[in-house]
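Structure, as structure tokens:
The values are calculated or read from the model by the stated rules, or taken from the named source; none is laboratory data. Predicted, not measured: the structure shown is a model, and the values here were computed from it. Please note: Cβ atoms are built from the backbone with ideal geometry, for glycine as well, and neighbour counts cover all protein chains shown. Accessible surface is based on the protein model in full, side chains and every heavy atom, while ligands, DNA and RNA are left aside. Shrake-Rupley method; radii C 1.70, N 1.55, O 1.52, S 1.80 Å.
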Amino acid sequence: MEAWLAQFIHDLLAALALPQVGLVAVFIITFVSATLLPLGSEPAVFLVVKADPGMFWPVIAVATVGNTLGGITSWWVGYGAERAVEAVRHREPPNPRALAWLKRFGPKACVLSWLPIVGDPLCAVAGWLRLPFWPCVGWMALGKGLRFICFTVALMYFIPEHWLS
């Protein structure tokens with residue numbers, strides 16, 4: 001079983017490293033990781049860029065678009081959930097202080113959507129609060145794009161080549 005798993009992981013990483021498969025894989029992984037499902041996208045982005053450093057900007061662009069579309073999906077989930085819940089009950093929200101903070105900063109708070117653990121729910125809460133859609137999308141894209149650039153550059157320069165062999 002262990003040999004099969006090791007071979008599967010090796011084959012998967014090899015497939016992700018191919019540019020023709022890599023960009024599709026990066027898009028799917030970054031999209032899913034920006035929803036409320038637990039998945040990290042940085043390894044896929046890094047592996048494709050490491051396999052072909054000339055693909056840096058196309059990979060960053062695809063990752064940013066995929067991750068932003070995932071954030072948009074979370075925004076719409078929050079928007080729909082708020083409408084459904086409000087139709088059923090009329091009570092005080094569970095954490096009024098956090099909601100007040102998000103209302104105060106408005107769509108600009110979505111620049112933090114790149115943060116682990118809190119970033120994806122932040123997009124859903126922005127939809128829940130009915131924050132303006134397009135400004136939220138712009139701030140999400142900015143934060144997510146900068147995150148991919150910073151993390152990928154850092155990994156490219158700080159991970160020794162022999163760790164990847």
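Some observations on this one:
- Residue ID - surrounded by the fewest Cβ atoms within 10 Å (Cβ to Cβ), chosen from residues in the range 133-154 that are under 21 Å from Gly78 (Cβ atoms) and among the hydrophobic types (A, V, I, L, M, F, W, C): Trp134
- Failed criterion for Arg130 (all others in (1) open to solvent by 30 Å² or more (accessible area, probe 1.4 Å); (2) assigned to a helix (DSSP H, G or I) hold): (2)
- Scan of the range 31-53 for residues that are assigned to a helix (DSSP H, G or I) and free of Cβ contacts under 8 Å to residues at least 24 places away in the same chain, ordered by number: Pro43
- Filter pass, Tyr157 being open to solvent by 50 Å² or more (accessible area, probe 1.4 Å) and either within 28 Å of Gly22 (Cβ to Cβ) or within 11 Å of the chain's Cα centre (by Cα) (or both): yes
- Against the test of being surrounded by 14 or more Cβ atoms within 10 Å (Cβ to Cβ), modelled with pLDDT of 90 or more and in contact with a Lys or Arg (Cβ under 8 Å, 6 or more places away or on another chain), the options Gly78, Gly71 yield a single qualifying residue, Gly71.
- Subset of the range 31-51 that is over 17 Å from Ile149 (Cβ atoms) and modelled with pLDDT under 90 - its residue that is most open to solvent (accessible area, probe 1.4 Å): Pro38
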